[in-house]
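Enquirer: I have a structure I would like to understand better, so I am pasting it below and will then ask my questions one at a time.
The values are calculated or read from the model by the stated rules, or taken from the named source; none is laboratory data. Since the structure is predicted, the reported quantities are computational estimates derived from the model, not experimental observations. In this analysis, Cβ positions are derived from the backbone assuming ideal geometry, glycine residues included, and neighbour counts consider all displayed protein chains.
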Amino acid sequence: RKEVEQDPGPFNVPEGATVAFNCTYSNSASQSFFWYRQDCRKEPKLLMSVYSSGNEDGRFTAQLNRASQYISLLIRDSKLSDSATYLCVVNILNTGGFKTIFGAGTRLFVKA
Amino acid sequence: GAGVSQSPRYKVAKRGQDVALRCDPISGHVSLFWYQQALGQGPEFLTYFQNEAQLDKSGLPSDRFFAERPEGSVSTLKIQRTQQEDSAVYLCASSLSARGTYEQYFGPGTRLTVT
């Protein structure tokens, strides 16, 4: 079983739709959590950090459930420019520092 | 300000050749990471430096892979005797934090093709 798992999609949604992605992680030593966005043939860029209390940034809402070991991302009022791959990222604390694990990504296509 | 830079952007190597990939992190960033990304997959962790110390190299796929960051800034990932399965994009990232709580900033990657 992979340490961080995501539904690969693709999710095909019309403009204006609400779409939600989930991600599960298996290592209980996981300490910090993020969603990154990656456009085709580009490097990943931070979308938002994920906090236990949940956090919102404009149309984007992230939630963390430590008990069930899953992270979610909700995108409201989808725009064409939201089309990208969304990567779930977990930092695992270990004796040497920490290690960063990426999920394989969920592809989103927003259509006009 | 300058972001993370990587060179070369593209590298074609014949099987068996050695390659060296360079990463210039953001100035002052303590942490530096190398990842390998195959087509359609997320980045796979290779190794992590905190300043000049390589604290985790558990992701390096074989002893043909070697990374260094001798002065705590620029890093080099070396792959000896390249194989076709080494073909991938190699991403470097840096972070201000030594505790993993801050954002990682990625370079544009080096696309390695082994023929």
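Enquirer: So in region A:18-41, with the set limited to residues that are within 10 Å of chain B (Cβ to nearest Cβ) and touching a Pro at 6+ places or on another chain (Cβ under 9 Å), which one is surrounded by the most Cβ atoms within 10 Å (Cβ to Cβ)?
Expert: It comes out as A:Y36.
Enquirer: Can you name the number of the only condition in (1) within 10 Å of chain B (Cβ to nearest Cβ); (2) at pLDDT below 95; (3) within 18 Å of B:Q104 (Cα to Cα) that A:K2 fails?
Expert: All conditions pass for A:K2, except number (3).
Enquirer: What single numbered condition from (1) within 30 Å of A:D7 (Cβ to Cβ); (2) among the hydrophobic types (A, V, I, L, M, F, W, C); (3) more than 9 Å from chain A (Cβ to nearest Cβ); (4) outside any loop (DSSP other than H, G, I, E, B) fails to hold for B:L60?
Expert: Of everything listed in (1) within 30 Å of A:D7 (Cβ to Cβ); (2) among the hydrophobic types (A, V, I, L, M, F, W, C); (3) more than 9 Å from chain A (Cβ to nearest Cβ); (4) outside any loop (DSSP other than H, G, I, E, B), B:L60 misses just condition (4).
Enquirer: In region B:68-101, how many are within 14 Å of another protein chain (Cβ to nearest Cβ) and either in a strand (DSSP E or B) or buried (at least 18 other Cβ atoms within 10 Å of the Cβ) (or both)?
Expert: 10
Enquirer: Can you name every residue in region B:61-92 that is among the small types (G, A, S), over 15 Å from B:R15 (Cβ atoms) and out of contact with any Asp or Glu (no Cβ under 8 Å at 6 or more places or on another chain)?
Expert: Scanning region B:61-92 gives a single hit, B:A67.
Enquirer: Residues in region B:37-75 that are among the aliphatic types (A, V, I, L, M) and within 14 Å of B:R22 (Cα to Cα): how many?
Expert: Residues flagged as among the aliphatic types (A, V, I, L, M) and within 14 Å of B:R22 (Cα to Cα) within region B:37-75 amount to 2.
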